[in-house]
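K.L.:
I have a structure I would like to understand better, so I am pasting it below and will then ask my questions one at a time.
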Amino acid sequence: MTKLTDSVQKPYRYFGGEYNVPDMNKPCDVRFCMCVADSYEVGMSNLGVRILYYLFNSIDRVVCERCYAPFADYENYLKSNNLPLASLETQTPLADFDFVGFSLQYEMCYSNVFYMLELAGIPVLTEERGEDMPFIVAGGPCTVNPEPMYKYFDFFFVGEGETPWREIIEDYKKMPECTKKDFLRYVDEHYECIYVPSLHPAVYEGDKCVVAPDCRVWRNIEADMNTTFCPSTQLVPNMEIVHDRAVAELFRGCANGCRFCQAGFIYRPVRERTLDNAYNLCVNLLESTGYDELSLNSLSTSDYSQLMPLLDRLLPYCEKHHVQLNLPSLRLDSFKGKMAQGNRKSSLTFAPEAGTQRLRNVINKNITEDNIFGTLADAFGEGYTSVKLYFMLGLPTETMEDIQGIVDLAVRIKQLYRTVKRGGRDCKISVSTSTFIPKPFTPFQWCAFAGREDISEKQKYLADALRSKGINFSYVDYDCSELEAVLARGGRSIADAMYLAYKDGARFDAWSEHFDYNHYLRSFAETGVDIGKIVGAYDLDEVLPWDFVDVGVTKQYYKREYNKAMQAETTPSCNKQCNGCGLKKYGYCQNTEGNRHLK
Ligand code: SF4
């Protein structure tokens, strides 16, 4: 037998033993294994997984364990010792659980789902898994378009899991004699947020969906963040992870309505914690973990209505207990002096997303040049010496004028620094671009993903123009973005190719050092997938593969926003007015109705 410590780097990745692991020895009728199809370091940093892990473990006679995608050294160790992939907490093989649940946070993790199932000795196809196999289920943001993975999961959970998952597990406990098929029919009938693909056929002509599945799947929305289950602690790992700190979620949703941002639509509406609730959560997290760093997380933390009073209470606490406070997701228009104090670093990161006001209006990034320069002048005055700026290329209606706008903006920021600092060393400016991906459930879902030549011409233009001005420039690889676009927009027609790509060697696709587009190009060619059709423009009235999922925002609203975008007209933030996206009729944004997860 190969000795683990001789052949595997960082065995902590596979054996857990973290501080704050719940009781794994309690009497138990249901075993759930929560999986993240990425490394331990990435998976441990996910807030949604943390919440559900403690939620399942809080249920009577239910134990929830974890499993992450192993790196090649541990894969070799398992194979050379004929061991199946097992949970961290008790080393139970995944095949012995009742449920194996994957959190699908990004499309590029799909190949790792196959990788983990095969390492666990679990057939990847739903139809090949018998009664002796666990339910293989998925949740997370990617489930708003579950179709590319429809034949691999028994069911998908769409939306926020806290309330319905508890009920689903309680129902399962009451049905010990039930067959898997019967239970699938039961959850399909009783839970609006559950999608059982094997019960709902769809019709495709090539890569075009012509008839979407005959069901309506509702994204579950937890109505009140103050009463929804929220653990007041978190696991403290024995090794460094990506976000190695206490993380408090201040609110869900985002009021800004940026038209490119899927999260802004699929996490609507804004639901805030009260000031007391948020403060107590922060303190409890710090005290139960011993962390000396705290992140205040949300899609747009600076929009939290209680942020200033919260900082008034938290900053003295943090100072007294030597805790560093981090504020990610800051928007340019709301970066204030107090936030800068809590976030003291030498480098600022901002995402104007587009180089001209016209294009920022198209994408509804409601930030003006006055906001940008006013904010940066304050920040430079506070001592910041370096700025990272993020932009997207290939946005709808983009022209070379918008690309030149990126250069002009960066140069003017450099000049602003000189004016504010009056001499001394120059400020360091970095511009980073990604290629815009038109995702489902955004007003740009009908738009085309930009062509390779178009993007490479713009990247070259920026590289020459920015570097000649002493500004750093980097960009995200086009192949990687194109694949993400295919996986995000594809339907059932790409499902076979997904598995073939894995068999061809694809895994850890979100990691640039592992990503190889050729695995997919070969599998798309072999299965006759036409990438151009999937990433091309769609008619406003054609059937989309994800049409049967209802995130609460009406299609009319997306169309209205699309048409406004084409006219470069903006839509105000939901904090200023309700723009009629459709959620109000379900009682959200007026506190008149509770959760709507039961049919
Ligand atoms: S219902 Fe109105 S306020 Fe609520 S998310 Fe939709 S547009 Fe915004």
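K.L.:
Kindly provide the set of residues from the range 276-291 that are surrounded by fewer than 17 Cβ atoms within 10 Å (Cβ to Cβ) and either under 23 Å from Val553 (Cβ atoms) or in contact with a helix residue (DSSP H, G or I) (Cβ under 8 Å, 6 or more places away or on another chain) (or both), ordered by number.
P.N.:
none
K.L.:
In addition: Considering only the range 457-479, how many residues are free of Cβ contacts under 8 Å to residues at least 24 places away in the same chain and open to solvent by 60 Å² or more (accessible area, probe 1.4 Å)?
P.N.:
The initial filter retains those residues of the range 457-479 that are free of Cβ contacts under 8 Å to residues at least 24 places away in the same chain, namely 457, 460, 463-464, 467-468.
Filter again for open to solvent by 60 Å² or more (accessible area, probe 1.4 Å), leaving 457, 460, 464, 467-468.
Going through the range 457-479 one residue at a time, the tally reaches 5.
K.L.:
Right, next: For the range 111-130, how many residues are in a helix (DSSP H, G or I), more than 20 Å from Ala69 (Cβ to Cβ) and not acidic (Asp, Glu)? It would help to see each step written out before you state the result.
P.N.:
First pass over the range 111-130, keeping only residues in a helix (DSSP H, G or I): 111-119, 126-128.
Now restrict to residues that are more than 20 Å from Ala69 (Cβ to Cβ): 126-128.
This time we only want the ones that are not acidic (Asp, Glu), so: 126.
Here the count works out to 1.
Yes/no per residue for (1) in contact with a strand residue (DSSP E or B) (Cβ under 8 Å, 6 or more places away or on another chain); (2) among the aliphatic types (A, V, I, L, M):
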site	(1), (2)
Lys208	no, no
Val211	yes, yes
Asn226	no, no
Ser232	no, no
Asp244	yes, no
Asn256	no, no
Arg259	no, no
Arg268	no, no
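K.L.:
Okay, moving on. If a residue has to be loosely packed, with under 13 Cβ neighbours inside 10 Å and either within 8 Å of the ligand (Cβ to nearest atom) or modelled with pLDDT under 95 (or both) to count, how many in the range 562-577 make the cut?
P.N.:
Of the residues in that region, 3 qualify.
K.L.:
Among the listed residues Lys559, Lys584, which satisfies the condition of being out of contact with any Gly (no Cβ under 7 Å at 6 or more places or on another chain), away from the ligand (no atom under 11 Å from the Cβ) and not in a loop (DSSP other than H, G, I, E, B)?
P.N.:
Values: Lys584 fails: away from the ligand (no atom under 11 Å from the Cβ).
From the options Lys559, Lys584, the qualifying one is Lys559.
K.L.:
Let me ask something else about it. Mind checking which residues of the range 511-529 are at pLDDT 95 or above and touching a helix residue (DSSP H, G or I) at 6+ places or on another chain (Cβ under 8 Å)?
P.N.:
Across the range 511-529, the qualifying residues are Phe515, Tyr517, His519, Tyr520, Arg522, Ser523, Phe524, Glu526, Thr527, Val529.
K.L.:
Taking the range 512-534 as the search range and keeping residues that are within 25 Å of Pro201 (Cβ to Cβ), of a type in the set (A, V, I, L, M) and in a helix (DSSP H, G or I), which one is nearest to the ligand (Cβ to nearest atom)? Steps first, answer last, please.
P.N.:
Of all residues in the range 512-534, those within 25 Å of Pro201 (Cβ to Cβ) come to 523-524, 526-531, 533-534.
If we keep only those that are of a type in the set (A, V, I, L, M) too, we end up with 529, 531, 534.
Cutting the leftovers down to in a helix (DSSP H, G or I) gives us 531, 534.
Numbers: Ile531: 34, Ile534: 29 Å.
Result: Ile534.
K.L.:
Would you check which residues across the range 36-58 are part of a helix (DSSP H, G or I) and either closer than 17 Å to Pro11 by Cα or not aliphatic (A, V, I, L, M) (or both) and list them? Talk me through it step by step, then tell me what you get.
P.N.:
As a first pass, look at the range 36-58 and keep what is part of a helix (DSSP H, G or I): 40-43, 47-57.
Correct list: Tyr40, Glu41, Val42, Gly43, Gly48, Arg50, Tyr53, Tyr54, Phe56, Asn57.
K.L.:
So if I check each of Glu167, Glu160, which one is over 23 Å from Leu500 (Cα atoms) and open to solvent by 20 Å² or more (accessible area, probe 1.4 Å)?
P.N.:
Details: Glu160 fails: open to solvent by 20 Å² or more (accessible area, probe 1.4 Å).
Residue meeting the stated conditions: Glu167.
K.L.:
Next question, about the same structure. Within the range 466-478, work out how many residues are over 17 Å from Met392 (Cβ atoms), at pLDDT 95 or above and assigned to a helix (DSSP H, G or I).
P.N.:
0
K.L.:
OK, next. Looking only at the range 114-154, which residues are more than 15 Å from Asp98 (Cα to Cα) and of a type in the set (Ser, Thr, Tyr)?
P.N.:
Tyr115, Thr143, Tyr150, Tyr152, listed by residue number.
K.L.:
Can you run down the residue pairs with Cβ atoms below 7 Å, 6 or more apart or on separate chains, where the first is in the range 260-279 and assigned to a strand (DSSP E or B) and the partner is within 12 Å of the ligand (Cβ to nearest atom) and not hydroxyl-bearing (Ser, Thr, Tyr)?
P.N.:
Listed by first residue and then by second, the contacts come to Arg271/Arg252; Arg271/Gly253.
K.L.:
Scan the range 239-259 residue by residue and report those that are in a loop (DSSP other than H, G, I, E, B) and away from the ligand (no atom under 16 Å from the Cβ). Let's see the steps before the verdict.
P.N.:
Initially, the range 239-259 is screened for residues in a loop (DSSP other than H, G, I, E, B), giving 239-245, 250, 253-259.
Once the filter is applied, which keeps residues that are in a loop (DSSP other than H, G, I, E, B) and away from the ligand (no atom under 16 Å from the Cβ), the range 239-259 yields Met239, Glu240, Ile241, Val242, His243, Asp244, Arg245, Leu250.
K.L.:
For the structure I just gave you, tell me whether Val236 is touching a strand residue (DSSP E or B) at 6+ places or on another chain (Cβ under 6 Å), more than 16 Å from the ligand (Cβ to nearest atom), open to solvent by 20 Å² or more (accessible area, probe 1.4 Å) and farther than 30 Å from Leu296 by Cβ.
P.N.:
Working: touching a strand residue (DSSP E or B) at 6+ places or on another chain (Cβ under 6 Å): yes; more than 16 Å from the ligand (Cβ to nearest atom): yes; open to solvent by 20 Å² or more (accessible area, probe 1.4 Å): yes; farther than 30 Å from Leu296 by Cβ: no.
For Val236, the condition - touching a strand residue (DSSP E or B) at 6+ places or on another chain (Cβ under 6 Å), more than 16 Å from the ligand (Cβ to nearest atom), open to solvent by 20 Å² or more (accessible area, probe 1.4 Å) and farther than 30 Å from Leu296 by Cβ - is not met.
K.L.:
Is it the case, given these coordinates, that Val62 is of a type in the set (A, V, I, L, M, F, W, C), crowded, with 17+ Cβ neighbours inside 10 Å and over 23 Å from the mean Cα position of the chain (by Cα)? It would help to see each step written out before you state the result.
P.N.:
Numbers: of a type in the set (A, V, I, L, M, F, W, C): yes; crowded, with 17+ Cβ neighbours inside 10 Å: yes; over 23 Å from the mean Cα position of the chain (by Cα): yes.
Spelling it out, Val62 is indeed of a type in the set (A, V, I, L, M, F, W, C), crowded, with 17+ Cβ neighbours inside 10 Å and over 23 Å from the mean Cα position of the chain (by Cα).
K.L.:
Same structure again: Quick one: what pairs do we get from the range 95-107, first residue crowded, with 20+ Cβ neighbours inside 10 Å, second polar (S, T, N, Q), C-beta under 7 Å, 6+ apart or different chains?
P.N.:
Close Cβ pairs satisfying both conditions: Ser103/Asn46; Leu104/Thr143; Gln105/Asn46.
Yes/no per residue for (1) surrounded by fewer than 19 Cβ atoms within 10 Å (Cβ to Cβ); (2) modelled with pLDDT of 90 or more:
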site: His322; (1), (2): yes, yes
site: Phe335; (1), (2): no, no
site: Gln357; (1), (2): yes, yes
site: Val362; (1), (2): no, yes
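K.L.:
Among (1) away from the ligand (no atom under 16 Å from the Cβ); (2) over 20 Å from Val217 (Cα atoms); (3) touching a Cys at 6+ places or on another chain (Cβ under 8 Å), where does Pro545 come up short?
P.N.:
The number of the failed condition is (2).
K.L.:
Condition test on Glu205, is it touching a Phe, Trp or Tyr at 6+ places or on another chain (Cβ under 8 Å) and of a type in the set (D, E, K, R)? Show your work before the answer.
P.N.:
Numbers: touching a Phe, Trp or Tyr at 6+ places or on another chain (Cβ under 8 Å): no; of a type in the set (D, E, K, R): yes.
Considered against the rule, which asks whether it is touching a Phe, Trp or Tyr at 6+ places or on another chain (Cβ under 8 Å) and of a type in the set (D, E, K, R), Glu205 comes out as no.
The values are calculated or read from the model by the stated rules, or taken from the named source; none is laboratory data. Note that this is a predicted model, so its numbers are computed, not measured. Virtual Cβ from ideal backbone geometry, glycine too; neighbours counted across all protein chains shown. When the accessible area is computed, the model is the full protein with side chains, heavy atoms only, and any ligands, DNA or RNA have been set aside. Shrake-Rupley method; radii C 1.70, N 1.55, O 1.52, S 1.80 Å.
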